[in-house]
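Rule-based calculations on the coordinates, nothing more; no lab input. Because the structure is a prediction, the values reported are computed rather than measured. Because the Cβ atoms are built from the backbone with ideal geometry, glycine has one as well, and the counts that use them run over all protein chains shown.
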Amino acid sequence: MTLLVTGGAGFIGSNFVLDWLASSDEPVVNLDALTYAGNLHNLDALQGDDRHIFVKGDITDRGLLDRLLQQHRPRAVLHFAAESHVDRSIHGPGAFIKTNVEGSFTLLEAVRGFWTERPADDKAAFRFLHVSTDEVYGSLQPTAPAFTETHPYEPNSPYSASKAASDHLVRAWHHTYGLPVLTTNCSNNYGPFHFPEKLIPLMIVNALAGKALPIYGDGQQVRDWLYVRDHCSAIRAVLAGGRTGETYNVGGWNEKANVEIVHTICALLNQLRPSDAGPYERLITHVKDRPGHDRRYAIDARKIESELGWRPAETFDTGIRKTVQWYLDNPQWVEQVQSGAYREWVTQQYTTA
Ligand code: NAD
Ligand code: DAU
């Protein structure tokens, strides 16, 4: 028994692989192209562990996918690999179409070819789990009910449109070919190994460096935050017990405006690493808004809770404290990810803002 994970050197994928191998001896083949967002240091704890087989490669490479599937014969494929940052999708949507649409298509076709040839029992037990996002549902009005699994798709950014396209491909491969698929649509994650281009790690890293904390527009946009290890436990629950062809929304019932998130991070840092220059709130700066910025996301997680008994283990208070502490405890990781390419991105995104 083996799992094939794509994108397992990224933020959520690496947390998933670490969590999986902490509680199971089932080996993981981890296929990742190591883009700017992929980082093998996230997996340092698995060095020398032969249950983890890392393969550097691209999900658009059909020949490689065919070879890996034949060689390892996984009982499930968990598809995390994606271009994931909304702001980057606005600057350069091409990479998002390539990986999220063409890559997902190529992976589905390779998996279909492999799955079709499996013996009947293996075929029935096989799962393709597609890790997707709440952003495919678009933006909610302030008092509208949270997204359920039947909410219409209304993606607004190149990123969310490319993820929506991949969700539709996954759905079609089930309905047309019978591939046993599962899809999860999760809200905003935060936690260890989060690349500091996203709101929470960017604010922590900038505050510690005495740099501006750039809030887009009025900062009243709302996101529904989930600690990454709770997302991992939800994926495990869906893999184990989800009904094929179904989608499961995953969220922590933690709606917060961006300004509130930034103030919470400042308050924690004031307590855990006070600055001689004064409270970190002094660094808060409002900058130009993100084009097409979705105002609010919120997840109705009742389906996964009632069908699969999943519940998040962390509240936002416990999760954000652990996260801030992790960044304080791992300055080498932070330094290592702030490469030349990272600095170029920060300059491009924030100097004209
Ligand atoms: P990430 O950007 O941190 O990691 C993506 C990983 O995919 C990287 O390791 C990268 O090297 C790899 N990758 C990119 N293109 C590839 C390709 N063509 N072939 C092989 N590997 C490739 O992303 P993340 O935040 O960990 O998100 C993982 C998945 O979860 C994505 O599908 C994303 O849409 C989804 N998701 C993310 C969040 C969130 O808050 N971060 C929430 C819901 C869903
Ligand atoms: O909802 C799930 C999605 O969450 C995932 O599918 C995406 O992969 C993930 O990146 C995330 O998307 P967001 O756009 O919500 O996350 P981000 O961290 O980029 O931004 C969160 C909010 O903070 C958003 O309203 C924009 C705002 N923001 C972000 C940055 C980077 C700022 O105000 N300033 C910033 O510098």
Worksheet entry | Mean Cβ count within 10 Å, highest first, over the residues of peptides 292-302, 149-159 | 292-302, 149-159
Item to complete: Run through every distinct alpha carbon pair of the chain and return the Kirkwood hydrodynamic radius in angstroms, one decimal place.
Response: 20.7
Discussion item. Cross-link candidates for LYS211: which aspartates and glutamates have Cα within less than 18 Å, leaving aside residues fewer than 8 places away along the same chain?
Written reply: GLU197, ASP276, GLU281, GLU335, GLU344
Fill in: Neighbour net charge for VAL55 - beta-carbon separation under 10 angstrom, K R +1, D E -1
+1
Practice prompt. Work out how much length ARG282 to GLN71 would gain on full extension: take 0.36 nm times their residue separation and subtract the Cα-Cα distance, in nm to one decimal.
Written response: 70.4 nm
Item to complete: Mind ranking 206-213, 342-349, 195-202 by how tightly packed they are, going by the mean number of other C-beta atoms within 10 angstrom, highest first?
Response: 195-202, 206-213, 342-349
Response to the item:
Helix 228-241 sits off the longest principal axis of the Cα atoms of the chain, rounded to the nearest 10 on a 0 to 90 degree scale, by 20
Fill in: Helix-only mean residue ellipticity at 222 nm for the chain, each DSSP H run of n ≥ 4 adding -39500 (n - 2.57), per residue, nearest 500
-12500 deg cm²/dmol
Worksheet item: Does anyone have the angle between helix 104-116 and the longest principal axis of the chain? Alpha-carbon axes, 0 to 90°, nearest 10?
Response: 30
Worksheet item: Taking a threshold of 19 Å on the Cα-Cα distance, which of the pairs LYS198/LYS256; LYS198/LYS303; LYS98/LYS123; LYS56/LYS163; LYS56/LYS198 fall above it?
Response: LYS198/LYS303; LYS98/LYS123; LYS56/LYS163; LYS56/LYS198
Worksheet item: Relative to the longest principal axis of the chain, what angle (0 to 90°, nearest 10) does the C-alpha long axis of helix 62-72 take?
Response: 70
Response to the item:
Amide H contacts under 5 Å for PHE147, restricted to residues at least 5 apart in sequence or on another chain and with H modeled in the peptide plane, are ALA298, ILE299, ASP300
